[in-house]
Amino acid sequence: MAMLQFTDEQIVFQEVPGEVSLAFTVAGCPLGCKGCHSSYSWRSDQGTALTPLYLQHRLDSYKGLISCVLFLGGEWQPDALIALLELSRSANLNTCLYTGLDDVSPALKQRLTYLKTGRWHSERGGLDSLHTNQIFTDLRTGQRLNHLFIRQ
Ligand code: SF4
């Protein structure tokens, strides 16, 4: 089975509203958005292997401290991503995918709690912009949560 690799791993508080997320920046995004903030991660042959075993170790160490696992990319290798999502769900964690695509397969969505869609257009801005093309959805309810990203 194809494997995903990641360039960054961190605990984040803002990317998924109301959740403490363990976030992985997956190497190899093929979309090539102009002005991408993580263009250093475009090459897929770099970083650390994001195997189920590796993820299980991280979930064990963060047990009780995180509520969600966030994948920044990885949808281009759905089987590998699905295995990681299932592991996260088995640990009773919510899951989120940030993709530059406008939609992903039902097989992925079934295993996701949250989904951010839409590529980066610098003139439209990200989720904290009122003019963004990007959409953040709670897939449990179908509710769009973009308003939670707008600074008051
Ligand atoms: S989808 Fe995201 S990671 Fe991929 S090129 Fe666009 S901004 Fe960069």
*Mean separation of Cα contacts under 8 Å, 6 or more apart, over the residue count of the chain: relative contact order %*: 20 percent
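Restricting to the chain, what percent of DSSP beta bridges are antiparallel, rounded to 5?
50 percent
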*Over the chain, what percent of the accessible surface lies on carbon and sulfur atoms, probe 1.4 Å?*
52 percent
_In the range 49-129, the trypsin sites (Lys or Arg not before Pro) that fall in loop regions by DSSP, at most 15 other Cβ within 10 Å_ = LYS63, ARG124
*Dipole magnitude of the chain about its Cα centre, charges +1 at Lys/Arg Cβ and -1 at Asp/Glu Cβ only, in debye to the nearest 20?*
220 debye
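With r defined as the distance between the Cβ atoms of GLN143 and GLU86 and R0 fixed at 25 Å, what FRET efficiency is calculated, to the nearest 0.05?
0.55
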*What residues from the range 62-92 fall in the zone where the backbone N is under 16 Å from a label point 7 Å along the Cα-to-C-beta line of ILE11?*
62-70
*Amide H neighbours of ILE66 under 5 Å, counting only residues 5+ apart in sequence or on other chains, H built in-plane at 1.01 Å?*
none
*Amide H to amide H under 5 Å from GLN5: which residues, 5+ apart in sequence or cross-chain, H placed 1.01 Å off N in plane?*
ALA27, LEU50
*Among residues other than LEU72 whose Cβ falls under 14 Å from its Cβ, what is the net charge (Lys/Arg +1, Asp/Glu -1)?*
-2
*Rounded to the nearest 0.05, what FRET efficiency do ARG43 and ASP102 give with R0 = 25 Å and r taken as the Cβ-Cβ distance? Could you check?*
0.55
*Just from the alpha-carbon atoms, what are the Rg and Dmax of the chain in angstroms?*
14.6, 45
*Accessible area (Å², per residue) of the chain, counting only protein heavy atoms and a probe of 1.4 Å*: 54 Å²
*Ellipticity estimate at 222 nm from DSSP helix runs (n ≥ 4, -39,500 (n - 2.57)) divided over the chain, nearest 500*: -5000 deg cm²/dmol
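The values are calculated or read from the model by the stated rules, or taken from the named source; none is laboratory data. Being a predicted model, the structure only gives us computed values, none of them experimental. Here the Cβ is made from the backbone with ideal geometry for all residues, glycine too, and neighbour counts use every protein chain on show. Ligands, DNA and RNA are stripped out before the accessible areas are found, and what is left, the full protein with its side chains, is counted by its heavy atoms. Shrake-Rupley method; radii C 1.70, N 1.55, O 1.52, S 1.80 Å.
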